[in-house]
Amino acid sequence: MSSTTTPLVTDVDWSRLFHAYGVASDTPHHLQGLVSEDDAAFDEALDHLRAAVLHQGTVYPATVPALRVVAGMLHDPVLRRHDEHGRSRLASLLEWVDAVGDSASWHEDASESDGAEPTDEDVEAFYRAMAADDESVWDSDVSNYLWARSIAELPAACGEALASVSTYLGDEDEAVRLASLDAYVRLAAVQPDPEALAGPLTAAVDAASGRDERAVLVLGVGDLGADTTRWLADDDLAIRACAALSLTDSAEATALLVEALHDPLAADEWFARRPSRFDMRVHFTLLANLLARDVGLAELLPACLPVIRAASGGLWANMTWGPILLKAFPGVEFQPGVRPDPPRNLDEAQKAVLRELVANDSLWDGHDGNANLARMRVGLPADRDAVAGLAS
């Protein structure tokens, strides 16, 4: 184990922090395992970071100090090790940092605790009760206060980690380089002036050669609020589409997204390593961005029809054809369990959407609750023939 990293761990009083499973007294052991020569210890430590310190994206009081420790460890030579499957330790840790940055972005709107700051005695009592497995402490005022404080401290910790992460933006190891790009964007996005931090990404695009890396860079430039217009003319449709996502008021960008969705399943296969910006299928993100624009259905139809044609039920009803129906039939007042009246006086674009819906056998499983709800929300009948009648 590297002696240079141990003080980063021992300088923190982990007994006065908690994670998803209780007092974080076990966290320093796992953090030291990150720089162990033992691959099993590293794997166990990484599992602890993922499952306890950042459980399903939730930030805990242990998250901020753990991020600071991990950022300080990133330059430890032992992290250049690869496991038996060739997986880089460093890339794995950078991916965890990326996840912390993502959590910081969706915790930004979390309200601060309106309770009074607890006394030292209150905090001591809180941790004694937590160590004794008293479940009631999780909903206590002290817990809420400590939680809110940790969320408030996270953006600053993300900013501190940027320097360590940025070192790897030009790394020779592609897995490390791509993971650092993702992490850099996430961390920079929660800083007071993210656009000012886009410079290293813009400069790196021209030096990058592979599609995956160029996509992460262009997406990152856009996510940080910098202009991506120059890449709308790129030779690669995938890069053009990535550039278009941040240009929500651009007619040219809108047309490019429509073009990209002419073959939605092909878009899903663009990347060997899908950028973390696309948390599920690529075309889900492209479509959501397109539907959110102030553009009429008729203009979007060349994208919507292929998406419906490729769709399935289940989750797809939530991610693709359900949102298309909401775009096609706006303003329907829906109360759960009550089907609105069927739409009337349909225009040709609306009828085209319904005809494509009727033609796709995968969308008509009567036991598919997601699909049934997607139709109900806009007043479409449950019966396929009845929907076909509306489209005639």
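The values are calculated or read from the model by the stated rules, or taken from the named source; none is laboratory data. Just so you know, these numbers come straight off a predicted model, no measurement behind them. Reconstructed Cβ throughout: ideal geometry from the backbone, glycine too, with neighbour counts over all protein chains shown. The area values use the complete protein model at the heavy-atom level, side chains included, leaving out ligands, DNA and RNA. Shrake-Rupley method; radii C 1.70, N 1.55, O 1.52, S 1.80 Å.
Subtracting the Cα-Cα distance of A349 and E269 from 0.36 nm times their residue separation leaves 25.9 nm of extension gain.
Over the chain, Cα pairs under 8 Å with separation of 6+ residues give a relative contact order of 10 percent.
Mind ordering 299-307, 52-60, 180-188 by average Cβ neighbours within 10 Å, highest first? Spell out each step's value before the answer.
Working: 299-307: 21.1, 52-60: 18.4, 180-188: 28.1.
The peptides rank, most packed first, as 180-188, 299-307, 52-60.
In region 11-111, the portion of solvent-accessible area held by carbon and sulfur atoms comes to 47 percent [1.4 Å probe, whole percent, DNA, RNA and ligands not counted].
Extension gain, D38 to S15, is 5.7 nm, computed as 0.36 nm per intervening residue step minus the present C-alpha separation.
Phi angles across region 347-352 convert, under the Karplus curve 6.51 cos²θ - 1.76 cosθ + 1.60 with θ = phi - 60°, into 3J(HN,Hα) values of 8, 5, 5, 5, 5, 4 Hz, Gly and Pro given as x. Considered as an equivalent ellipsoid built on the Cα gyration tensor, region 183-308 has semi-axes of 24, 16, 13 Å, the largest given first.
Rounded to the nearest whole Å², what accessible area per residue is found for the chain with the 1.4 Å probe? Before the final figure, lay out each step's value.
Values: 17860 Å² over 392 residues.
Ligands and nucleic acids excluded, the result is 46 Å² per residue.
For region 243-392, the carbon plus sulfur part of the accessible surface works out to 49%, probe radius 1.4 Å.
Ranked by the mean number of other Cβ atoms within 10 Å of their residues, highest first, the peptides 249-256, 27-34 fall in the order 27-34, 249-256. Taking all Cα pairs closer than 8 Å and separated by 6 or more residues, the relative contact order of region 229-348 comes to 20 percent.
Look at the alpha carbon pairs under 8 Å that are at least 6 residues apart: their mean separation over the length of region 62-173 gives a relative contact order of 39 percent.
Within the assembled protein chains, the solvent-accessible surface assigned to I151 is about 40 Å², based on a 1.4 Å probe.
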